[in-house]
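Taking it in order: structure first as structure tokens, then the write-up.
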Amino acid sequence: MFKALSVREPQPACADVEALSETPVETLLELIDKAQQPPWVGMRAASCLIQGHADAVQDTLVDWVQQEDSRGFAILVLNQIDTLPQPVAIAVATQALAGPYASDATSRIAKSTNPALLALVP
């Protein structure tokens, strides 16, 4: 999976990358934690988790919007907030609005098309 995500262009499809592992969620999480170069590997792995496994990694998504050292991942998930299942989106948005990236969260959630998320924005 690392090699597939390392390719500069074209960016591989998540389904193609995930097919390379019997445990795609666990492997993607491991890549996020351990892959340092090239820098886009972790972000691509995170994007695949957001797009296809948000229910399974809800706690991780919430951690990203709460931890001081994960602004890039926080912005990534906030930019895709409308693609998340509603319960996950609400949990992530609620924590993001109360976390260290509240201003990033406010501006991104305010652009949502989901009325339940818009209602959370102060």
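The values are calculated or read from the model by the stated rules, or taken from the named source; none is laboratory data. These numbers come from a predicted model, not from an experiment. So basically every Cβ, Gly included, is an ideal-geometry build from the backbone, and we count neighbours across all protein chains shown. We work out accessible area using only protein heavy atoms, side chains counted, and drop any ligands, DNA or RNA first. Shrake-Rupley method; radii C 1.70, N 1.55, O 1.52, S 1.80 Å.
Shown here: region 57-122, whose C-alpha atoms stretch 29, 23, 16 Å along the first, second and third principal axes, sorted largest to smallest.
Packing order of peptides 55-62, 43-50, highest average first: 43-50, 55-62 (average count of other Cβ atoms within 10 Å over each peptide's residues).
The average projected area of region 1-53, computed from the convex hull of its Cα atoms over all directions, is 3.1 nm². Cα centroid separation, region 1-35 to region 78-122: 26 Å. In this structure the chain gives 54 Å² per residue of accessible area when probed at 1.4 Å with all protein chains present.
Leaving out ligands, DNA and RNA, what percent of the accessible area of the chain is carbon and sulfur, probe 1.4 Å?
Working: 3460 of 6590 Å².
C and S atoms contribute 53 percent here.
Nearest 500 deg cm²/dmol is fine: what mean residue ellipticity at 222 nm does the chain get from its DSSP H runs of n ≥ 4 alone, each adding -39,500 (n - 2.57), divided by its residue count? Please list the in-between numbers first.
Working: 9 runs with 76 residues, N = 122.
The per-residue figure over the chain is -17000 deg cm²/dmol.
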